[in-house]
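Take a look at the structure set out below.
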Amino acid sequence: DAGVIQSPRHEVTEMGQEVTLRCKPISGHDYLFWYRQTMMRGLELLIYFNNNVPIDDSGMPEDRFSAKMPNASFSTLKIQPSEPRDSAVYFCASSLRRATTDTQYFGPGTRLTVL
Amino acid sequence: SQKIEQNSEALNIQEGKTATLTCNYTNYSPAYLQWYRQDPGRGPVFLLLIRENEKEKRKERLKVTFDTTLKQSLFHITASQPADSATYLCALGSGSSASKIIFGSGTRLSIRP
């Protein structure tokens, strides 16, 4: 298995632009998580899905952030409009609940820089 | 509110010594605790899981303890090597929270030759 795949790996954009981050979870995993990591706040959970349905989006900072999971093999995190304070590394992770350990497998991350 | 604390300062250890990292938590009753390793520019990688009814877990040179009375986990790397240098994150999970795991901020470990 290729693991969790994220794209792009790096994104540089200007304030006010729309940014879309993409994630392909590990095949067969039924949970998908979006995290944001910064030096100041560490790893923060933004939203997670179970069987493509959003379960908890309480970590989404503002209405400018939205996430979708149209099918079991694809999810997007969108920021519109983007702001400099959104600069961070965004990770996608997936897990298999049936294992009952909830071990999460992380992708390589997308480093977002908003100028 | 739930809080997880890890050594805030970086830990510098001489090669061959045992590195010990601490994870403390408050206002939480986890069913299990996990340790992850994160290298620069990469996502966290799962290392070990220990359940609330387990006192200790080992995997090769790694050892984790879990004291639910003290609300603390210790993570040990014996015979440390420069390749062990990374940031280590602890994470708490509860079976009732539908797979939502809460992560600590991590401790950066440096092993000098």
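The values are calculated or read from the model by the stated rules, or taken from the named source; none is laboratory data. Nothing here was measured: the structure is a model prediction, and the numbers come from that model. Note that we place each Cβ from the backbone using ideal geometry, even for glycine, and neighbour counts take in every protein chain shown. In case anyone asks, the SASA skips ligands and DNA or RNA and just uses the protein heavy atoms, side chains included. Shrake-Rupley method; radii C 1.70, N 1.55, O 1.52, S 1.80 Å.
Would you list, by chain and number, the aspartates and glutamates whose Cα falls below 12 Å from the Cα of B:Lys71, excluding same-chain residues fewer than 8 positions away?
B:Glu5, B:Glu52
Taking only protein heavy atoms and a 1.4 Å probe, what accessible area per residue, in Å², does chain A have with all protein chains in place? Can you show the working numbers first?
Details: 5660 Å² over 115 residues.
Heavy-atom accessible area per residue stands at 49 Å².
Calculate the spin-label point distance for B:Arg58 paired with A:Arg97, positioning each point 7 Å from the Cα along the beta-carbon direction, and give it in nanometres.
3.6 nm
Can you give the accessible area of A:His10, probe radius 1.4 Å, in Å² rounded to 10?
Ignoring ligands and nucleic acids, A:His10 comes out at about 130 Å².
Report, please, the projected area of chain B averaged over directions, based on the convex hull of its C-alpha atoms, in nm². Could the numbers behind the result be given before it?
Details: hull surface 28.0 nm².
Mean projected area for chain B: 7.0 nm², to one decimal.
Along the charge dipole of chain A, pointing to its positive end and built from +1/-1 on Cβ of Lys, Arg, Asp and Glu, which listed residue (A:Ala2, A:Phe49, A:Met69) has its Cα farthest out?
Looking along the dipole axis, the top candidate is A:Ala2.
To the nearest 100 Å², how much accessible surface do chains B and A cover up together, summed over both, with a 1.4 Å probe? Show your work: numbers first, answer last.
Values: alone 6500 and 6430 Å², together 11360 Å².
For B against A, buried area totals roughly 1600 Å².
Using Cα positions and a limit of under 17 Å, work out the aspartates and glutamates in reach of B:Lys17, with same-chain residues fewer than 8 apart set aside.
Cα-Cα hits under 17 Å: B:Glu60, B:Asp84.
For a bin width of 5 Å, list the pair-distance distribution of the protein assembly as shown built from all Cα-Cα distances, rounded to whole %.
1, 7, 14, 18, 18, 16, 12, 8, 4, 1, 0
When only C-alpha pairs under 8 Å and at least 6 residues apart count, what is the relative contact order of chain B, in percent? Provide the component values of the computation, followed by the final result.
Numbers: 276 pairs, mean separation 40.0, N = 113.
Result for chain B is 35 percent.
Run the numbers on chain A and let me know its relative contact order in percent, using alpha-carbon pairs under 8 Å that are six or more apart. Let's see the in-between values first.
Values: 288 pairs, mean separation 42.0, N = 115.
Over chain A, the number comes to 37 percent.
In Å and whole numbers, how far do the C-alpha atoms of chain A stretch along each principal axis, longest first?
41, 28, 27
Can you compute the modelled spin-label distance between A:Glu44 and A:Gln17, with each label point 7 Å from Cα toward Cβ, in nm?
Label at A:Glu44, label at A:Gln17, 2.3 nm between them.
Distance cut-off 24 Å, Cα to Cα: go down the list B:Lys3/B:Lys59; A:Lys68/B:Lys3; A:Lys24/B:Lys59; A:Lys78/B:Lys3; A:Lys24/B:Lys100 and report the pairs above it. Intermediate values should be presented prior to the final figure.
Values: B:Lys3/B:Lys59 27 Å; A:Lys68/B:Lys3 29 Å; A:Lys24/B:Lys59 30 Å; A:Lys78/B:Lys3 28 Å; A:Lys24/B:Lys100 19 Å.
Checking Cα-Cα distances, B:Lys3/B:Lys59; A:Lys68/B:Lys3; A:Lys24/B:Lys59; A:Lys78/B:Lys3 exceed 24 Å.
Report the accessible area of A:Ser82, computed with a 1.4 Å probe over the heavy atoms of all protein chains in place, in Å² rounded to the nearest 10.
Probe radius 1.4 Å; accessible area of A:Ser82 about 0 Å².
Using a 1.4 Å probe on the protein chains only, how many percent of the accessible area of chain B belongs to carbon and sulfur? Write down the numbers at each step before the final one.
Numbers: 2640 of 5700 Å².
Within chain B, the accessible surface is 46 percent carbon and sulfur.
A:Arg111 accessible area, nearest 10 Å², 1.4 Å probe?
120 Å²
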